[in-house]
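The values are calculated or read from the model by the stated rules, or taken from the named source; none is laboratory data. Note that the structure is predicted; figures quoted are calculated from it, not measured. Positions of Cβ are backbone-derived with ideal geometry, glycine not excepted, and every protein chain shown enters the neighbour counts. Calculation scope for accessible area: heavy atoms of the full protein, side chains included, ligands and nucleic acids excluded. Shrake-Rupley method; radii C 1.70, N 1.55, O 1.52, S 1.80 Å.
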Amino acid sequence: QLKEEGGKDTQRDIDTMVSKLKKVFPNVDVATTQEAFDSVLKEEGVREKKVGGQTILGITKDGKVWINPDAKSLGTPIHEFGHLWTDFLRNEKSGTKGTKLLNKGMKLIEGTQEYAQALKKYGEYRDGKLINEDLVKEEALVEMIATKGESIANKGKRKAFKKWMDDMYRYIKKYFKTTKELQESEIDALTLDEFKELALADLFSGKPLDTKTG
């Protein structure tokens, strides 16, 4: 497990995770300093991500990622980069396959514990009606992806972490199919677990995904 005190070893592990994820989104800026994180919290429109009602762990905004230096979880960078992955699916450059896959994920998450938790944390209502369901579903999706990714990573904490990250990278590439390998006709039959594996395969593929239009 990660050291709970959030010391240098923890930060080093998170930095290693970030470096792996950045290979997929090389043009994305990632800020990990306290000064940068405190600054973005003051910006209008920033949604707070809290755990236990206390710690804001990460923020993704305008294609940039901010990681709270106090974060103790490997799931935090995976979660934030997960938003970049859903942005990729939403982008016109991912084509009809990306749109169909994102819609499938939004459908699969309905009725899950992750959705209930995201609804409680992020749900906004007007006249008793939920007005930001897509946001809630996306938060639930990326958290579920992050949880699976972190559980894989934490199994290797008994080893040197950098070596384990390389092992994890190879494991995912070998056993998980990426969106490029997925046929559009296969999307309807995807299970929730297969959807998570697909996301992780993209996030750890090491091959850049283009999230920009034009």
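Take each of the peptides 102-108, 117-123, 30-36, average the number of other beta-carbon atoms within 10 Å over its residues, and list them starting from the highest.
102-108, 117-123, 30-36
May I ask you to give the percent of accessible area on region 81-182 that is carbon plus sulfur, with a probe radius of 1.4 Å?
49 percent
Taking amide H positions as placed in the peptide plane 1.01 Å from N, state which residues far from Val24 in sequence (5 or more) or on other chains have amide H under 5 Å from it.
Amide H neighbours of Val24: Gly206.
In whole Hz, with x marking every Gly and Pro, tabulate ³J(HN,Hα) for region 118-127 from phi via Karplus 6.51 cos²θ - 1.76 cosθ + 1.60, θ = phi - 60°.
5, 4, 5, 7, 10, x, 10, 10, 9, 6
State in Å² the accessible area per residue of region 65-214; use a 1.4 Å probe, count heavy atoms of protein chains only, and round to the nearest integer.
50 Å²
If I ignore ligands, DNA and RNA and count only protein heavy atoms, how much of Ser185 is accessible to a 1.4 Å probe, in Å² to the nearest 10?
Rounded to the nearest 10, that gives 100 Å².
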